[in-house]
1. How big is region 106-178 by the Kirkwood estimate over distinct Cα pairs, in Å?
2. Under a point-charge model restricted to the Cβ atoms of Lys and Arg (+1) and Asp and Glu (-1), what is the dipole moment magnitude of region 164-270 relative to its Cα centre, in debye to the nearest 20?
3. Mind pulling the per residue volume of the convex hull built on the Cα atoms of region 137-229? Å³ is fine.
4. Take the cross-link list Lys373/Lys578; Lys179/Lys242; Lys242/Lys373; Lys242/Lys467; Lys445/Lys578; Lys115/Lys182 and give me the ones stretching past 22 Å between alpha-carbons.
5. Express the relative contact order of region 422-492 as a whole percentage, based on alpha carbon pairs under 8 Å and six or more residues apart in sequence.
6. Would you kindly give the portion of the calculated P(r) for region 415-485 that falls above 20 Å, as a percent of all Cα pairs?
7. Enumerate the calculated ³J(HN,Hα) couplings along region 264-275 in order (Karplus 6.51 cos²θ - 1.76 cosθ + 1.60, θ = phi - 60°), each rounded to whole Hz, writing x wherever the residue is Gly or Pro.
8. Give the Rg (one decimal place) followed by the Dmax (whole number) of region 470-567, computed from C-alpha coordinates and expressed in Å.
Amino acid sequence: MDEGGCPPGIERMRFTVHILGMTESALSRSSWRPTKQDAVTWVPMDRVILPSLSVRSMARPIPTDVPDTSHSHPTASLGVDLESHSIPQLYKTFDIEHMPVEGGDDPRAWSSFHKNVVLCLIASASMIAGLAESIQNPAISDMEADLPATASQISLSLSLFIALQGVMPLFWSAISEVKGRKLVYVVSLALCTASSAVVATSKTIQLVIAFRCLQATGSSAVGSIGAATLSDIYDPVERGTKMGIYYIAPLLGPSLAPLMGGVLTTAFNWRAPFWFLTAVSALSCVSILLFLRHTFRQERSLTYQNVLKSRLKSGSQSTTPSSTATIVEKEPPPPTVLGKQTGLDPGLSNSPVIADVALAEIKLTLRDVNPVKPLWLVVRRMNNLMILFASGLMFAFSFVVSFTASRTLSSVYGYNALTVGLVLLSFGLGSLAGSVVGGRWSDIKLADLKAANGGVSYPEMRLRSTKIGLIFLPPSVLAFGWVSERHVHVSAMCVFLFLSGFFLVCAYTSTLAYIVDANNGRSATAVAANSAFRGLGAFVATEVAVPLQNSVGDGWHYTIWTGLMILVGLLVWLVVRKGETWREAAEKREQGVENHGS
């Protein structure tokens, strides 16, 4: 390779490409070299290898009067003059992960300090969702007596909270694809702050239920879009470790919530936990408003790219070269350069063509984004559906184990709210350890597999790191269930709570990173879909948990969950074996639809 990444033997090459906003057509490899900032992909075809060039590279003046020569290449014999002979069908590709961004402010090029600031701000804010969902549990009896409220009404407030917290990210992710991540964070946290204050001052259970729903809506954005923000600033090779660090905070929330709720309720009353949430949400909102840099880049959003293409079709064209989108066309018209025919065979309908126009600057609005369509594109991929279902089951278990263990510790062991919180902290500590270890192990495993595969990686490689966690998770869950059933010493419960949390999150961290890696360009929608599956799974699991616990006991209840965790392992390993085939078939199908529509 030369310094620009060109394979040896390809010194000069003249060809045409289809670029929005550009008019240069004859590119000479003898005088042009891509820089490190340029997105260049070398795509092998039947007999030729052509570079896919970014707009930033092509915007530089390039001489067009250099004579063409033929050269050989170890893997591609070029014995043709590209301007005077018909050549096989050409395909241009762009790496959506590394598309050049307008103004050159690439979040991936930020310093480690700035990236860590973003990570800390997003991680700390994502803790609020976990705190809000569980902090009221130790205060349930006080709420029932003070409001007053029935047990079913309190349960309804919790179930609706979980469901909305899972579904509403679909709405937030659609907005983030138009207005960016920061605005979504600020608005959602402001909503969470206001609704928490109303709950803290409520006099009726109906008001509590209504504003707990708004609280769920506001607290759901950061936890779902946060992973998409990390994909904005980190490359896939380091994403697993950062996901593991990021996920510590959402795990800390539900882990610390029972303990904090018990302390605040004991020291003050049931309203104190909600005043605490008000203060934390307000602090996080102000911090993000002041210190968070914008990370979202429309050039790397498939939603934005699709709108560009639709605007091109509708004739919204300009001569101002302000777009950086490269369009892939499978069967474009004959090539032209500034209105005249090139030396390529004019009868060759599958040759690329220069667009002698440029799109004006496009401002997206909410009308340009349909959250249902990108969601459907994510869910209809079999590899995504399998992982989303597995993720939903894992999250549902993590919520149910805290909920049902609280009931067992209170009713059977006779512990107060503070002691219950301390016991449940063991599950949280195991989850924290699993998040850090699992994230790091995921990156190490991915790097090893990539090196063994000649430096080429694909998203399914990451899922191989889940093997250990998915093997030891089912027996840990089974042991916890029967330890609880037999009412043995609480230390045994703590041990198996820790192990269940550790192995669960070891596996979950990699599945979350996979959802991002396997859906380049629509990571926010993919993570939002993940949140929806988690929320709906937790909603159903919570509704059936108490009847199951009362009818069959903890032992058989968690035996059922053991079977579900085995199912999770089977789903993940099915994606490991078949996911690449499913994903590539889906990508070809979607590309075929786009080309047909063109």
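Read-outs throughout are calculated quantities, based only on the coordinates presented, and are distinct from any laboratory measurement. Note that this is a predicted model, so its numbers are computed, not measured. Using ideal geometry, Cβ is built from the backbone for each residue, glycine included, and neighbour counts are taken over all protein chains shown.
1. 15.3
2. Once rounded to the nearest 20, the dipole reads 260 debye.
3. Each residue corresponds to 83 Å³ of Cα convex hull volume.
4. Cα-Cα > 22 Å for Lys373/Lys578; Lys179/Lys242; Lys242/Lys373; rest within.
5. Across region 422-492, relative contact order equals 26 percent.
6. It works out to 50 percent of all Cα pairs.
7. 5, 5, 5, 6, 10, 7, 5, 7, 4, x, 6, 5
8. 15.8, 50
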